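*Asks:* Here you go, one structure.
The values are calculated or read from the model by the stated rules, or taken from the named source; none is laboratory data. Not measured: the values here are computed from a predicted model. Counting neighbours? That spans all protein chains shown, and the Cβs are built from the backbone with ideal geometry, glycine included.
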């Protein structure tokens, strides 16, 4: 297409705008190096697939994405939402707290946030309250910490977020 357009301009009579010169130069480069560019594209695609399968590479990429203004906040909230939703579903299904936290951390969809949730799970295994363990992670949204804290208050003995069995039970009174 570009060679046909170029034939419309008289050779050397008119100075073309720099944008047009740039497009023409890029077109010439692509036509001259098409095989090299195709090989480079295949190498990049294979390397991308190989890298994406490695948890360390995904974590580096996710960490970088979480630092991008606006986008990072959205991605962080999506991971928190997935974590909370999965936790709620698993608890409702009767899973124990450690299974709930472990599986929810795996399904949050962000390797950096998964690592933060797993560090919190290790603190819970050592006897810390879930809300305290989550609060120590800088990437965890304070709203999630607050919701977990409210849900694990001592007077709520049936809370999904208790890491130890309730010591007392309360009966609901009909009003």
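*Asks:* Would you please list the contacts, defined by Cβ atoms under 8 Å and residues six or more apart or on different chains, that run from a residue in the stretch 18-42 that is in contact (Cβ under 8 Å) with a residue 12 or more places away in the chain to a residue that is surrounded by 11 or more Cβ atoms within 10 Å (Cβ to Cβ)?
*Replies:* Here the result reads 23/2; 24/2; 24/6; 24/16; 27/2, each pair linking the stretch 18-42 to a residue that is surrounded by 11 or more Cβ atoms within 10 Å (Cβ to Cβ).
*Asks:* Looking at 87, 131, 105, 157, which is the one that is at pLDDT below 90 and either out of contact with any strand residue (DSSP E or B) (no Cβ under 6 Å at 6 or more places or on another chain) or under 24 Å from residue 58 (Cα atoms) (or both)?
*Replies:* Exactly one of 87, 131, 105, 157 is at pLDDT below 90 and either out of contact with any strand residue (DSSP E or B) (no Cβ under 6 Å at 6 or more places or on another chain) or under 24 Å from residue 58 (Cα atoms) (or both), namely 157.
*Asks:* While we're here: Please go through the stretch 103-114 and give me each residue that is in contact (Cβ under 8 Å) with a residue 12 or more places away in the chain and either surrounded by fewer than 17 Cβ atoms within 10 Å (Cβ to Cβ) or over 16 Å from residue 137 (Cβ atoms) (or both), ordered by number.
*Replies:* Within the stretch 103-114, 103, 107, 109 qualify.
*Asks:* Looking at the stretch 40-64, which of its residues are more than 30 Å from residue 105 (Cα to Cα) and surrounded by 11 or more Cβ atoms within 10 Å (Cβ to Cβ)?
*Replies:* 40
*Asks:* Additional query: Quick one: which of 118, 137 is assigned to a loop (DSSP other than H, G, I, E, B) and at pLDDT 90 or above?
*Replies:* 137
*Asks:* Follow-up. Do we find a residue being under 15 Å from the mean Cα position of the chain (by Cα) and at pLDDT below 95 anywhere in the stretch 23-33?
*Replies:* No: the stretch 23-33 contains no residue that is under 15 Å from the mean Cα position of the chain (by Cα) and at pLDDT below 95.
*Asks:* Out of the residues in the stretch 65-88 that are free of Cβ contacts under 8 Å to residues at least 24 places away in the same chain and either more than 13 Å from the chain's Cα centre (by Cα) or more than 30 Å from residue 143 (Cα to Cα) (or both), state the one that is surrounded by the most Cβ atoms within 10 Å (Cβ to Cβ).
*Replies:* Only one residue tops the list, namely 86.
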